[in-house]
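The values are calculated or read from the model by the stated rules, or taken from the named source; none is laboratory data. Please read all numbers here as calculations on a predicted model, not as lab measurements. Here the Cβ is made from the backbone with ideal geometry for all residues, glycine too, and neighbour counts use every protein chain on show.
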Amino acid sequence: MKLSTLLPVLPLLLSPTLATTTDQPTIVSALTTVNETTTKLGTSVLTWHGGILGTVPILAESTALLIQVKQGTDAASASDPLDVPGTLAVATATGALVKSVNATLGAIVDAKGKFDRLLLSPLIAVNLGLQRRATAEMSEAVIGKVPEQLRELARGLVAPIDQSFGVAVEAYRLL
């Protein structure tokens, strides 16, 4: 390999802000936990038949998700800056999370009629607002640990989550 091939990326590889960190697994673990809880919530919504008792697992998973997101924010905030391999691992975990968030929010939007019949849509609207804010805080905490030159890419990676929240919040908007 020629030295000239390495020159453009050499500063990136030698940057002190990209020193190897042990916090990458913590952030990835937090994202993985949030992803798993998001998937459980989505499954609860998808398998719900519309009865009041069926909302218990939905409320439990929704509460657990909010707690996990806040814990993920704390973990990311307490972490050291990520190196490039750590950033790639976090990006992979984030990509999986984006898919599950989009699917779960889609299921929640699709279930609006069931929530309406039980007069629970206002509660869902409030919960979506709380989840959206908590998710934005977690995203910013994680992005703050990504190397500066990769932060715009990181913001682009998480943008579909906020877009999906926007659709869901709009669907449950109280007029």
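Yes/no per residue for (1) assigned to a helix (DSSP H, G or I); (2) over 18 Å from L41 (Cβ atoms):
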residue: V126; (1), (2): yes, no
residue: Q131; (1), (2): yes, no
residue: V146; (1), (2): no, yes
residue: E152; (1), (2): yes, yes
residue: G156; (1), (2): yes, yes
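Take the residues in the stretch 129-175 that are touching a residue at least 40 places away in the same chain (Cβ under 8 Å) and of a type in the set (D, E); name whichever of them is farthest from K70 (Cα to Cα).
Here the residue is E148.
Might you let me know whether the stretch 99-112 holds any residue that is among the charged types (D, E, K, R) and more than 26 Å from D74 (Cβ to Cβ)?
Going residue by residue through the stretch 99-112, those that are among the charged types (D, E, K, R) are 99, 110, 112.
Now drop any that are not more than 26 Å from D74 (Cβ to Cβ), which leaves 110, 112.
Checked against the condition, which is being among the charged types (D, E, K, R) and more than 26 Å from D74 (Cβ to Cβ), the stretch 99-112 yields at least one hit.
Which of the residues belonging to the stretch 12-38 are assigned to a loop (DSSP other than H, G, I, E, B) and modelled with pLDDT under 50? Break it down into steps so the answer makes sense when it comes.
Restricting attention to the stretch 12-38, the residues satisfying the condition of being assigned to a loop (DSSP other than H, G, I, E, B) are 15, 19-23.
Within the stretch 12-38, S15, A19, T20, T21, T22 qualify.
Please go through the stretch 101-126 and pick out each residue that is within 21 Å of L31 (Cβ to Cβ) and of a type outside the set (S, T, Y). Step through it out loud before you land on a result.
So in the stretch 101-126, the residues within 21 Å of L31 (Cβ to Cβ) come out as 101-108.
If the condition is that a residue be within 21 Å of L31 (Cβ to Cβ) and of a type outside the set (S, T, Y), then V101, N102, A103, L105, G106, A107, I108 are the ones that fit.
Picking from V9, V56, which residue would you name as being modelled with pLDDT of 95 or more and either among the β-branched types (V, I, T) or more than 13 Å from the chain's Cα centre (by Cα) (or both)?
On the way: V9 fails: modelled with pLDDT of 95 or more.
Step by step, each of V9, V56 is checked, and only V56 is modelled with pLDDT of 95 or more and either among the β-branched types (V, I, T) or more than 13 Å from the chain's Cα centre (by Cα) (or both).
Tell me the residue from L82, L59, L41, L88 that is buried (at least 21 other Cβ atoms within 10 Å of the Cβ), among the hydrophobic types (A, V, I, L, M, F, W, C) and assigned to a helix (DSSP H, G or I), please.
On the way: L82 fails: assigned to a helix (DSSP H, G or I); L59 fails: buried (at least 21 other Cβ atoms within 10 Å of the Cβ); L88 fails: buried (at least 21 other Cβ atoms within 10 Å of the Cβ).
From the options L82, L59, L41, L88, the qualifying one is L41.
Kindly indicate whether any position in the stretch 114-122 is in contact (Cβ under 8 Å) with a residue 60 or more places away in the chain, outside any helix (DSSP H, G or I) and either within 21 Å of the chain's Cα centre (by Cα) or under 14 Å from T94 (Cβ atoms) (or both).
no
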